Structure formats: structure tokens, C-alpha cells
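Since the structure comes first, as C-alpha cells, the remarks are kept for the end.
Nothing in this text is a laboratory measurement; each read-out follows from the coordinates by a stated rule. Nothing here was measured: the structure is a model prediction, and the numbers come from that model. Please note: Cβ atoms are built from the backbone with ideal geometry, for glycine as well, and neighbour counts cover all protein chains shown.
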Amino acid sequence: MLKSLKRNKYAYIALSVFVLMFIILLSIRMGSVEFSYSKIFSILFSSEMNSSKNVLLNIRLPRIVIAAIVGANLSVSGALLQAVMQNPLADPGLTGVSAGSSLAAIIIMLLFPQYSYLVPMAAFLGGAVACALVYSLAWKNGIKPVRIILAGVAVNAILGGGTSLLSILYSDRIQGVLLWVNGSISGKTWSDVKVLSIYSAIGITMAMFCIRKANILQLGDEMSSNLGVDTNKYRVLISLVAVFLAAVSTALVGVVGFVGLIVPHIARLLIGSDYKYSLPFSVILGSGLLLLGDTFARTVASPIELPVGVIMAVVGGPFFLYLLRRGNA
């Protein structure tokens with residue numbers, strides 16, 4: 001019986017890999033310039049550098065790689081935070097990362113546009129500071145999931161108010177930052193891929209070392225304490241990894257919501273709650289979901305490219321309501 005269950009889980013993971021490969025091929029093909037599959041292979045194996053090859057290699061492929069990495073990061077971040085908070089409705093935005101990153105980035109872009117090259121670093125630091133603030137407010141003889149959620153809601157409201165205030169005061173300059181605020185992968189290059197890949201590899205590796213800790217936290221505080229586990233220590237360590245993954249992604253592409261909520265839930269439905277299987281599965285599902293969303297974003301209103309954050313919000317909002325209505329989420 002156990003072997004059969006394991007085989008089913010491995011089958012789901014293998015199937016998801018094939019689906020991801022199909023989505024990648026679909027994403028390479030579709031866009032403002034559409035390529036047939038035969039044309040794609042002829043371009044890739046051609047030594048001549050023409051406009052088609054430039055579009056494929058230097059515009060479309062970096063965007064595809066970044067979408068896949070960011071989707072994986074946000075999904076893993078959401079899965080870890082759901083273990084920390086023992087709540088399937090938790091996602092990276094709840095820890096203040098998105099709101100902190102947005103406010104820090106907007107301050108740079110609106111008040112100090114001459115330092116726009118500092119936006120990724122400012123967004124990362126803003127997210128980290130906001131998360132630290134949430135956890136410091138939630139600490140009272142230890143950290144409880146409910147206090148993290150309440151503190152996160154309060155900090156998000158305050159930081160979101162700051163973002164709105166700046167948007168109103170500097171409305172004449174807001175057009176240039178709308179793409180970032182709504183989450184956009186447009187215009188990314190191979191240098192962005194290189195930076196994101198390094199940080200993401202570190203974060204995903206650390207996340208895999210958190211699998212056992214996440215499984216223990218799912219047992220509940222009382223059971224974990226009976227096993228001699230320091231739940232506060234585990235929560236802080238796992239949260240640091242989750243926030244790191246969310247922050248590096250937000251710093252590069254802006255605010256993309258709901259990926260960290262949707263993917264872990266789908267993974268649990270299909271493969272169970274054991275993080276040994278659901279976390280790697282979430283990596284693949286998250287990559288495919290955001291890549292599919294970005295492909296749709298740049299083709300649905302062609303030649304206009306929509307921010308992928310808007311597409312994920314349109315999809316994620318109804319899914320969130322569905323989880324609430326189910327009653328067992």
C-alpha cells in the first residue's frame with residue numbers, strides 16, 4: 001500500500017515535469033512575434049544572428065527562465081509559511097514582504113529616480129525590514145501563528161497606506177512604476193537571470209533542509225513540544241528561508257500575489273501534505289503556473305503586454321474565495 005502511494009506521488013511529480021516542459025515550449029513559441037516549433041529549432045541551431053534569433057535568445061528566453069524561477073521561489077515560500085502559520089490560506093504577502101518591498105521601491109523610484117539602479121536592493125531590504133517588524137510585533141513569550149497573521153495584516157495596512165500616499169502625492173510620476181507595483185517580467189535580461197539564479201539556488205537548497213522541520217510544525221504546537229522540539233526556533237528559521245525567497249523574487253519582478261497561496265494548496269490536494277514530496281512538487285507547479293500566467297499576460301492583449309501580477313490576481317482572487325467557501329481550508 002505504501003509503495004503504491006509513493007509510486008503515485010512520483011508519477012504526479014514526473015507528469016508535472018512533462019507539463020512544465022510543454023508550457024516552456026508553448027511560451028517560447030507564443031508572443032508578439034510567434035514562432036513555429038520548426039522555426040525555433042532552426043533559429044537555435046543557426047550560427048547567424050538575425051532579429052528573430054535576438055528576440056528568441058535575448059528577450060524571450062531570459063523572461064521564461066525568470067518566470068519559472070520566480071514561480072518556484074514564491075511557491076516554496078508560500079508552502080513554508082503555511083507550515084509555520086498552520087494555515088493553508090497564508091502566503092508571502094502576509095509577512096509584510098510585498099508591502100515592504102513595494103514601499104521601499106516606490107520611495108526610490110518616485111523620490112530618488114537618479115538612484116533607480118538601487119531599486120532591487122531597496123526592495124529586498126524593505127521586505128526584510130517589514131518581515132522583521134511583523135515578527136517582533138508578534139513575539140510575546142514565543143511566536144504564535146495567530147499573532148503573526150494579525151501583525152502581518154496591521155503592518156501591511158500601514159505600509160500599503162504609505163504606498164498609496166506617495167502614489168497620490170507624486171501622481172505625475174507614477175506611470176513609470178505601475179509595471180513594478182503590479183509585477184512584471186518584461187525587459188529582463190540574462191544578467192538578471194544570473195543574479196536571481198544564484199540567490200534562488202541558495203534559497204531553494206535551504207528550503208529543502210527545512211522539510212523535516214516543516215513536517216514537525218504541521219503536527220501542532222502541543223505535539224511538537226512533546227517531541228522536544230523548540231517550535232519558536234523552527235518557526236523563525238523556516239520563516240527566514242521563506243522571506244528570503246519571496247524578497248529576492250519581489251525585488252526583481254515586483255509584487256506577484258497568490259502564487260504562494262494557490263500552488264501549495266494544489267500540491268497538497270494532489271500529492272498530500274508530506275513536505276518531502278509536496279515541496280519539490282510545488283517547485284515544478286509554481287514554475288509552470290507563473291510561466292503560463294506570463295505567457296497569457298503577453299499574448300492576451302497583444303501587442304500590449306499586461307503585468308503578470310494582474311493576471312495572477314484575476315486567477316488567484318476567485319481561488320482564494322473558493323478555499324474560504326470550502327470550509328475545510
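Which entries in K188/K213; K144/K194; K53/K188; K39/K188; K9/K233 show an alpha-carbon gap greater than 27 Å? Going by Cα-Cα distance, K188/K213; K144/K194; K9/K233 fall outside the 27 Å limit. Can you pull a Stokes-Einstein diffusion coefficient for the chain at 4 °C (1.567 mPa s), Rh from Kirkwood over Cα pairs, as a whole number of µm²/s? The estimated diffusion coefficient comes to 63 µm²/s. The slack in the chain from K39 to S136, taken as 0.36 nm per residue of separation less the alpha-carbon distance, amounts to 29.4 nm. Helix content alone sets the calculated 222 nm mean residue ellipticity of the chain: runs of n ≥ 4 DSSP H residues at -39500 (n - 2.57) each, divided across all residues, give -24000 deg cm²/dmol. As a rough footprinting exposure proxy, the listed residues S101, S200 were ranked by other beta carbons within 10 Å of their own, and the order from fewest upward is S200, S101. Of all complete DSSP H helices in the chain, those with a Cα span along the helix axis of 15 Å or greater and a mean Kyte-Doolittle hydropathy of 1.6 or more are 61-85, 97-111, 119-138, 145-169, 259-271.
For the listed peptides 72-81, 115-124, 290-299, a ranking on the average number of other beta carbons within 10 Å per residue, highest first, reads 72-81, 290-299, 115-124. Considering only G100, G161, G254, the Gaussian network model of the chain with Cα springs below 10 Å gives its largest mean-square fluctuation to G161. Modelled spin-label separation between Q86 and Q218, with each label point placed 7 Å from Cα along the Cα-to-Cβ direction: 1.5 nm.
Listed from fewest to most Cβ neighbours within 10 Å, the set T250, T95, T205, T231 follows the order T205, T231, T250, T95.
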